[in-house]
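Everything below concerns the one structure shown next.
The values are calculated or read from the model by the stated rules, or taken from the named source; none is laboratory data. The structure displayed is predicted, hence computed values, not measured ones. Glycine also receives a Cβ, built like all others from the backbone with ideal geometry; neighbour counts cover every protein chain displayed.
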Amino acid sequence: MRFRPDPQIFGANVRFKPLRIFKMARSKAYLFGGVEIRWSCAPSLLHGVEGVPVEETFHFPGGLTDFLTSSIHGSTLVHPDIFAGASERKGGHGTVEWAIAWVADADGFVSSYCNTIPTPEGGTHESGLRAALGKGLRDHAERMGQGKRAAAVTSEDVMAGAAAMFSLFMRDPEFQGQTKDRLASADAARIVEQAIRDPFDHWLAGNPNQANKLLEWVIERAEERVRRRQEKEISRKTAVRKLRLPGKLADCTNSAAEGSELFIVEGDSAGGSAKQARARASQAVLPLRGKILNVASAGKDKLAQNQQLADLVQALGCGTGVHYRDEDLRYGKIIIMTDADVDGAHIASLLITFFYRQMPKLIDNGHLYLAVPPLYRLTHGAKTVYAKDDADKAALIEREFHGNAKVEIGRFKGLGEMMADQLRVTTMDPAKRTLLRVVLLTEDREDTADSVERLMGTKAEARFAFIQERAEFAGEELLDV
């Protein structure tokens, strides 16, 4: 048969794509096993077209099996046999031909056809294929006493490495869309499953060694899939826990570490004010109750069981010790924000000791800071300023107010007494606050380690000696605090 496209329908300049027709002619040859198709194309039409010869003869006596064998040549197979066959339903209502191999070193593929029309997007006939292979392999596992191990196997696990080619002939097929890329006929799934299921059962029973290799390989794929899913679930749950920690972390909406800050706050009351004062996009708040564990004097068991430190480590996300990874740190700045009194200084010292012992690289990389909240509020009329300590208070009174002005002086007992607006303006607003970065002087590393051990370690007498040596520095102001 010869034909020419009608220019009134197809247009005057219609051109066929040689590569598309070449592939179509080849597919007809293996879809009708034994048919010989001779291909030829004018060389002038192949200018710039790759992969299309001028002449070629297609002949696949074994049909789909021959073509699949050539397609997977050089691949490592789970077992060397190809499961192939053909089945015709009584009354001519459906004919199915298939060829399937399992490839161990590459991804699988499915090339399906309905009435020789390629269906690259699959459809109901592919669903029938998956169902037949999945049910058949699980039944084989039950017969071999491997049912418990194969309980998690799904049809997708069976198809993961399957290189499958199959063709369905049926009456009045229905397709989705004008291009017929996907089969939609409801009967197709049943026709294919019934056609393949019994032959697959017989093939597994007749090749026990090969069938067991396939079963073991599929079970391994299923176990790997379950493992990946569990790891994903753990990651997801970890992420959720970061948002709902027992330590009451209020996370920021910014997911990038750069530009994000974590305020470690002393007490739930101060934590409430900080949560109201923060910039939600970039600032997170983690309140801690009371004084944390002194890691320099506590054993590993106490450290592992301490919930507050566990919450803090989980919020940071970077690990501790040899497992610390700076790239996993969830915030660019870690800011210790405690009351401007002795207890606040003690809590800050305990936290710095924790970071020094458990995450020294966090300090080395410039992530750890101390907030500087004010100790006094100075008010005269409509003017209010904040002083960080007594010396700053005296200087501000002299500089900001007239000498005879009656300045109202209020002393903050703690961050929890500060209104959210006051805390934002004085301590949390990047444009107005003061931060002290915690650094380790490289030339004094040994002295630093000795000082931390002396002041925070297990020997109380070392701390007592330190206090005696510096008793002259304990003035009346310190004794009054």
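Looking across segment 46-72, the residues that are in a helix (DSSP H, G or I) and either touching a Lys or Arg at 6+ places or on another chain (Cβ under 8 Å) or within 30 Å of PHE169 (Cα to Cα) (or both) come down to LEU64, THR65, ASP66, PHE67, LEU68, THR69, SER70, SER71.
When HIS47 is tested against (1) without any contact (Cβ under 8 Å) to a residue 24 or more places away in the chain; (2) surrounded by 18 or more Cβ atoms within 10 Å (Cβ to Cβ); (3) not hydrophobic (A, V, I, L, M, F, W, C), exactly one condition is not met: (2). When residues of segment 91-131 are filtered for being β-branched (Val, Ile, Thr) and out of contact with any strand residue (DSSP E or B) (no Cβ under 6 Å at 6 or more places or on another chain), how many remain? The total comes to 2.
Quick check: anything in segment 85-102 among the charged types (D, E, K, R), surrounded by fewer than 17 Cβ atoms within 10 Å (Cβ to Cβ) and not in a loop (DSSP other than H, G, I, E, B)? I'd like the intermediate steps shown before the answer.
Initial filter on segment 85-102 (among the charged types (D, E, K, R)): 88-90, 97.
Next, from what is left, pick out any that are surrounded by fewer than 17 Cβ atoms within 10 Å (Cβ to Cβ): 88-90.
Within this subset, residues satisfying the condition of being not in a loop (DSSP other than H, G, I, E, B) are 88, 90.
Yes, that holds for at least one residue.
Within segment 327-363, the set of residues being touching a residue at least 40 places away in the same chain (Cβ under 8 Å) and within 19 Å of the chain's Cα centre (by Cα) comprises LEU329, ARG330, TYR331. Inclusion of SER27 among residues that are within 13 Å of MET165 (Cβ to Cβ), polar (S, T, N, Q) and exposed (fewer than 11 other Cβ atoms within 10 Å of the Cβ) is not warranted. For segment 423-442, taking the residues that are aliphatic (A, V, I, L, M) and either in contact (Cβ under 8 Å) with a residue 40 or more places away in the chain or not in a loop (DSSP other than H, G, I, E, B) (or both), the one that is surrounded by the fewest Cβ atoms within 10 Å (Cβ to Cβ) is identified as VAL439. Look at (1) at pLDDT below 90; (2) touching a Phe, Trp or Tyr at 6+ places or on another chain (Cβ under 9 Å); (3) of a type outside the set (D, E, K, R); (4) surrounded by 18 or more Cβ atoms within 10 Å (Cβ to Cβ) and you find that THR448 fails only one, number (4). Residue-level check: of (1) more than 21 Å from GLY161 (Cβ to Cβ); (2) of a type outside the set (S, T, N, Q); (3) touching a strand residue (DSSP E or B) at 6+ places or on another chain (Cβ under 6 Å); (4) touching a residue at least 24 places away in the same chain (Cβ under 8 Å), LEU64 misses just (1).
Checking each residue in segment 301-328 for being of a type in the set (Gly, Ala, Ser) and surrounded by fewer than 12 Cβ atoms within 10 Å (Cβ to Cβ) picks out ALA304, GLY321.
Please determine whether any residue of segment 170-190 is surrounded by 21 or more Cβ atoms within 10 Å (Cβ to Cβ), among the hydrophobic types (A, V, I, L, M, F, W, C), in the same structural domain as PRO120 (by TED's automatic domain parsing) and under 25 Å from GLU224 (Cα atoms). Checking segment 170-190: not a single residue is surrounded by 21 or more Cβ atoms within 10 Å (Cβ to Cβ), among the hydrophobic types (A, V, I, L, M, F, W, C), in the same structural domain as PRO120 (by TED's automatic domain parsing) and under 25 Å from GLU224 (Cα atoms).
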